[in-house]
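Scroll down for the structure; my scribbles are underneath it.
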Amino acid sequence: MPALARPEHFRRITLPPREAIVAADCDVLVVGGGPAGFGAALGAARGGARVILAERYGFLGGNATAALVVAFMSYYTEHHTEEHSDISLLPTDHGRGRPVIRGVLAELVRKLVKAGGAVAPSLATGFTVPFDAEIFKLVCEDMLHEAGVEILFHVFASGVLENKKHVDGVIFESKSGPLVVRAKIVIDCTGDGDVAAAAGSVCETGREEDGLVQPMSLLFRLGEYEKAAFAEYVKQHPDQWQGVHGLWAMIDRAEAAGELDLQREDILMFRTPRDREIYVNSIRVCRVLGTDVWDLTLAEVEGRRQMRRLVSFFKRYVPGFNQTYVLQSGPSVGVRESRRIIGGYKLTAEDILHAREFKDVIARSTYPLDIHNPKGKGTLMKRLPAGKAYDIPLRCLLPQGMKNLLVAGRCISGSADALASFRVMPVCIATGQAAGVCAAVSRSLKLLPKQVPVEKVQKALLAQDADLGSQG
Ligand SMILES: Cc1cc2nc3c(=O)[nH]c(=O)nc-3n(C[C@H](O)[C@H](O)[C@H](O)COP(=O)(O)OP(=O)(O)OC[C@H]3O[C@@H](n4cnc5c(N)ncnc54)[C@H](O)[C@@H]3O)c2cc1C
């Protein structure tokens, strides 16, 4: 194993004091350029704030581009039948699904489709939106540019300048040495709550019973895929493929022959806007944390080991795949779950499954609890009642005790089960937009985010075409 072992005992040393370059002063600093950061930066800039977005990689998208998670999960209401409620991702009422997220997400989808970079949501796609990661990077950057957002790439947030629960600035490591960006309001969109944790916010990680998180996955993209040959196999074996996943009999045969050691129960694959490519999401690395560098290293190495075996399996067993080759694996392993902040409200699985409404709603979702077993095979899907959506309250974006910090994306305040729903990208974009709008309203009223009357945030969100359900 080429991975450096974790030291048995951590020896610590004190670092010399150092200076940093003050890179900028701004109204709103968004840390992280993934789905949440994209929504936050746009929401704040369109609300009239001077916005800087700082990102550790050299491109936008977060998991969408860095981990090749190239499909928005559905944000449409579902009309599933009981009989398929545990396995099917597809609404089954012949197209009567209704979107519950609009705003910048809808705009992004329209622009991606227009650029030939996405397949529009429909019953045929199960209301998911498969997209091209490279066009995604370009369209996101264009949209931020048009809104006047200033981007700083290749900066890793490593600490904060904090004064009595007020984050005066964020410290970044960079090739130019340490930098500080000072801001009136900071929005943590790192997915891992890095800024919130550095500022001393109380965070939780993992399930209540054992602290375990959902597995990480390395995604990869195969070229020279023969769509027609695979479609013919599915036609002949309808019991072996369910929308985006299946191949159970082949897995059994390959595992019995010692040719595969799949960590999940099925093969999961997503189409792309291009017919000869397919994305494979069938790797699982369990019992690893996205905030632990040794675990991340192990996950990358183990992910590539599993990818090698899967590629041989595809070529040998699966019709339509014998000419395929790996076009690309994710530049980074994908992290499903890490820190969650403790906010003014903790969203629960029950809230979601009962499609609960909140007076301070700032975003909505229909996506089920989609829990990948932290210990290995098995995926639990728990769905909302047909046609229903749940609300996400503004309080979930406000870390307890912090004055000028907002959080958006998968690390907002909720239980581990609830995260299994709100972690998907359309919802992260929506909570991002809401955090950005809240920050802009706070700036214009010269109030802290917590002091802003929620109606003002909702009004500004509605003006940006957000869907707030019964509060709309
Ligand atoms: C394997 C896998 C499959 C998934 N499948 C789907 C799917 O099919 N559809 C779907 O909709 N969702 C899916 N998801 C969920 C979804 O991708 C994530 O939950 C979502 O991307 C979270 O968005 P985010 O903006 O909160 O965080 P991220 O996407 O993780 O973005 C965080 C951004 O912050 C940056 N960052 C992190 N730390 C720092 C730091 N300290 N300093 C500076 N920058 C930093 C990162 O580089 C990144 O750009 C999947 C997730 C995984 C891992």
Quiz item: Any residue at all in segment 160-167 that is within 10 Å of the ligand (Cβ to nearest atom), part of a strand (DSSP E or B) and closer than 27 Å to G334 by Cβ?
Solution: no
Quiz item: Has segment 345-358 got at least one residue that is more than 30 Å from H166 (Cα to Cα) and within 15 Å of the ligand (Cβ to nearest atom)?
Solution: no
Self-check item: Lone qualifier among L419, L405, L394 - being away from the ligand (no atom under 11 Å from the Cβ), in contact (Cβ under 8 Å) with a residue 24 or more places away in the chain and within 19 Å of the chain's Cα centre (by Cα)
Solution: L394
Exercise. Could you please let me know if G191 is surrounded by fewer than 18 Cβ atoms within 10 Å (Cβ to Cβ), modelled with pLDDT of 95 or more and not basic (K, R)?
Key: no
Quiz item: If I392 satisfies every condition in (1) outside any loop (DSSP other than H, G, I, E, B); (2) more than 12 Å from G414 (Cα to Cα) but one, which is the exception?
Solution: (2)
Quiz item: Is there any pair linking a residue in segment 38-57 that is within 14 Å of G409 (Cβ to Cβ) to one that is surrounded by fewer than 24 Cβ atoms within 10 Å (Cβ to Cβ) and among the polar types (S, T, N, Q), with Cβ under 8 Å and at least six apart or on different chains, and which?
Solution: G43/Q464
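Each row is one residue, and each column tells you yes or no for (1) modelled with pLDDT of 95 or more; (2) within 12 Å of the ligand (Cβ to nearest atom); (3) within 22 Å of T128 (Cβ to Cβ).
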{"position": "D27", "(1), (2), (3)": "yes, no, no"}
{"position": "A41", "(1), (2), (3)": "yes, yes, no"}
{"position": "A45", "(1), (2), (3)": "yes, no, no"}
{"position": "A54", "(1), (2), (3)": "yes, yes, no"}
{"position": "A67", "(1), (2), (3)": "yes, yes, yes"}
{"position": "M73", "(1), (2), (3)": "yes, yes, yes"}
{"position": "E83", "(1), (2), (3)": "no, no, yes"}
Practice problem: Sort out which residues of segment 171-204 are in a strand (DSSP E or B), closer than 20 Å to R443 by Cβ and within 13 Å of the ligand (Cβ to nearest atom), and write them in order of number. | Solution: V181, V186, I187, D188
Practice problem: Identify the single condition in (1) part of a helix (DSSP H, G or I); (2) closer than 28 Å to V213 by Cβ; (3) more than 16 Å from the ligand (Cβ to nearest atom) that E455 does not satisfy, given that it satisfies every other one. | Solution: (2)
Quiz item: If you go through segment 221-235 one residue at a time, do you hit one that is under 30 Å from R50 (Cα atoms), within 28 Å of the chain's Cα centre (by Cα) and either within 16 Å of the ligand (Cβ to nearest atom) or not assigned by TED's automatic domain parsing to the domain that holds Y325 (or both)?
Solution: no
Self-check item: Exclusive hit being touching a residue at least 24 places away in the same chain (Cβ under 8 Å) and either more than 8 Å from the ligand (Cβ to nearest atom) or not in a loop (DSSP other than H, G, I, E, B) (or both), set P2, P17
Solution: P2
Quiz item: Quick one: is K164 on the phi > 0 side of the Ramachandran plot, out of contact with any Gly (no Cβ under 7 Å at 6 or more places or on another chain) and not hydrophobic (A, V, I, L, M, F, W, C)?
Solution: yes
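The values are calculated or read from the model by the stated rules, or taken from the named source; none is laboratory data. None of the values given here were measured: they were computed from a predicted structure. Cβ atoms come from the backbone with ideal geometry, glycine included; neighbour counts cover every protein chain shown.
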